[in-house]
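Right, one structure below, let's go through it.
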Amino acid sequence: MKKALIILLLLLSNLCFSQEKKDFLVGGSFDLTKTDNDGFARKAQIALEGNYFFSPELAATGGFEIWTGDGVSIVAGVRWYPAEHFFTRIRGLAGENDLSIGAGWNKPLSEEWRFEAMGDFYVEGEFAIRVGLMYVIKK
């Protein structure tokens, strides 16, 4: 009985995802804080990114990271949604020659708009907390 209930819940959970195959998620975010910041607003990091959903749970990510004083990095990676509003991600940053591994949460504000909050660990040894606004472009 427990196995049947778990299988039923897993099948139904796929119906709850707000993204669908071939949807795009585009937007921007910025760091609230990062461990290498010297003080409030002395260093800014902004991201512009797009995500293409291969399935409701898996998306390819591409975009740019912009740092004041440090330049621009091209970003490529993957997002995995194990639950409807929770995701994990891994991204490579060409320009900074770094890799980030993180997790985040999104809150739908409307059918198209999402608020996101996430944390990222960078291989170089830094940690960042980021927030952003994303827009869903339906297929």
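The values are calculated or read from the model by the stated rules, or taken from the named source; none is laboratory data. Bear in mind the structure is a predicted one, so any value in this text is a computation, not a measurement. Areas reflect the complete protein model, heavy atoms only, side chains present, ligands, DNA and RNA absent. Shrake-Rupley method; radii C 1.70, N 1.55, O 1.52, S 1.80 Å.
Structure note, pairs LYS107/LYS139; LYS22/LYS138; LYS21/LYS139: Cα-Cα distances above 19 angstrom occur for LYS107/LYS139.
Averaged over its residues, segment 65-139 has an accessible area of 52 Å² per residue, based on protein heavy atoms and a 1.4 Å probe. In whole percent, how big is the carbon plus sulfur part of the accessible area of segment 33-139, probe 1.4 Å, protein atoms only? Answer for segment 33-139 is 66 percent, counting heavy atoms of protein chains only.
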